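Only one structure is covered here, and it is reproduced in the block below.
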Amino acid sequence: MKKKGMILLLAVRMLCPGTLTFAQSEEPDNLYAQSAVLMDADSGRILFEKNGREARPMASTTKIMTCILALEEGDLSEEVTVSANAAAQPQVHLGMREGEQYRLEDLLYSLMLESHNDTAVAIAEHIAGSTEDFAALMNERAKAIGCEDTHFVTPNGLDAEDEGGVHSTTAADLARIMRYCITKSEKKEDFLRITQTESHTFANLDGSRSFSCYNHNAFLSMMDGAISGKTGYTADAGYCYVGALQRGERTFIVTLLACGWPNHKTYKWSDTKALMNYGLENYEYRNVLQETDPAQIPVENGIAQSRGLEDTAFVEPLVEEPESLELLVSEEDEITIKATLPEILEAPVAKDTVIGKITYYLNDTPIQEFPVVASNQVDCVGYGWCLEKILERFWI
């Protein structure tokens, strides 16, 4: 099929002030964190950022990657043997001893509830053989998730550096990792179950020692709908946090890096609540689908529906779109629709042939594309049809 050029049809719909039914609030401008991001967990769209793409140490927020990799690469019932390296890790630690054995699932509670550094190393060595190989696995997964400026050196987030650089991430990348953990990973339910647990008691495998872990993610009880999170602190990183909240269909992720140093431990909770409330007050799901009615397209050398000798054949474009297109939007967002269709087609054109596309843009970013097909068939003017017309005229 030959296409005679392409024409771009444009339709714009502005989500004007007053069209949304929820209260609006200003962007937070007094955050304590040096880097911060608010993300829509469903789409991965960043709704707010403050230095969101500046690489910084992230302390124990690292452990969300350690946890999800352990869930995906290991089995919860596996036995983990503690090495001398793991046992030698500094506080905060479980106090493991070389040669002890633990169930992997128990260690994941120790990792995520109490943020134990020795536990992180024991898990990493069990999964990959060494912390170096586990870090390579972490970096590989981060890249696959779409992280652009993340470099893992340790499984526990302690300040470190290797030939690849400083152990660091960005607020944007950390949000991408949390999004993966709670929405994309095949082990997301296990991740949420562990990170939501208030307390967990367990023993080493020979039963000689027992431990109790308590969840230090205070945000779980601060706002309705809080579903996960991880705190962190080192001297280089300062206080860090990554958390998620779900209200109805909306799920928001907040990440904070360098959110104060001692004695400002509570800054991260203030920033997290401010960003979550901003998301709740400004963004709602709305159906942004618009009816599109592209003009019929002439078909060169085509037989018209009337079958008249001098009549022009046309294809009626049909947009194959769903009944609704739900997007998380604010009153400041703009939806633009662009239809890319040919000016003219050449026969023959089969019914249901894709002849173009309708693209939806959110603030100039393409978000959804629908095919445009021919709703009718147009046959080619050929020898037989021409003979038929000649005979008709002769007979007349």
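Of all residues in the range 176-194, those satisfying the criterion of being in contact with an Asp or Glu (Cβ under 9 Å, 6 or more places away or on another chain) and open to solvent by less than 10 Å² (accessible area, probe 1.4 Å) are SER185, ILE194. The criterion of at least 3 residues that are surrounded by 14 or more Cβ atoms within 10 Å (Cβ to Cβ) and in contact with a Gly (Cβ under 9 Å, 6 or more places away or on another chain) is met, among strands (runs of 3 or more DSSP E) falling completely within the range 275-377, by 313-315, 334-342, 365-374. Only one entry in GLU79, GLU73, GLU98, GLU54 is without any contact (Cβ under 8 Å) to a residue 60 or more places away in the chain and either touching a helix residue (DSSP H, G or I) at 6+ places or on another chain (Cβ under 7 Å) or not hydrophobic (A, V, I, L, M, F, W, C) (or both), namely GLU98. Within the range 230-253, the set of residues being closer than 18 Å to LEU47 by Cβ and open to solvent by less than 30 Å² (accessible area, probe 1.4 Å) comprises TYR241, VAL242, GLY243, ALA244, LEU245, THR251, PHE252, ILE253. Among the residues of the range 213-226, some residue qualifies, meaning at least one is without any contact (Cβ under 8 Å) to a residue 60 or more places away in the chain, in a strand (DSSP E or B) and buried (at least 17 other Cβ atoms within 10 Å of the Cβ).
Against the conditions (1) surrounded by fewer than 24 Cβ atoms within 10 Å (Cβ to Cβ); (2) over 16 Å from the mean Cα position of the chain (by Cα); (3) not in a helix (DSSP H, G or I), ASP106 satisfies every one except (3). Pairs linking a residue in the range 117-135 that is touching a residue at least 12 places away in the same chain (Cβ under 8 Å) to a residue that is among the acidic types (Asp, Glu) and surrounded by fewer than 24 Cβ atoms within 10 Å (Cβ to Cβ), with Cβ atoms under 6 Å and 6 or more positions apart or on different chains, are ILE127/GLU73. Looking at the range 82-92, is at least one residue under 21 Å from ALA142 (Cα atoms) and either touching a residue at least 24 places away in the same chain (Cβ under 8 Å) or more than 30 Å from the chain's Cα centre (by Cα) (or both)? No, the range 82-92 has no match at all.
Considering only residues that are surrounded by fewer than 21 Cβ atoms within 10 Å (Cβ to Cβ), assigned to a loop (DSSP other than H, G, I, E, B) and of a type in the set (S, T, N, Q), which ones fall in the range 118-175? Selection gives SER130 alone. For the range 65-88, name all the residues that are outside any helix (DSSP H, G or I), over 20 Å from ARG193 (Cβ atoms) and open to solvent by 30 Å² or more (accessible area, probe 1.4 Å). Selection gives GLU79, THR81, SER83, ALA88.
The values are calculated or read from the model by the stated rules, or taken from the named source; none is laboratory data. None of the values given here were measured: they were computed from a predicted structure. All Cβ positions, glycine included, derive from the backbone under ideal geometry; neighbour counts span all protein chains shown. What goes into the accessible areas is simple: the full protein's heavy atoms, side chains included, and nothing from ligands, DNA or RNA. Shrake-Rupley method; radii C 1.70, N 1.55, O 1.52, S 1.80 Å.
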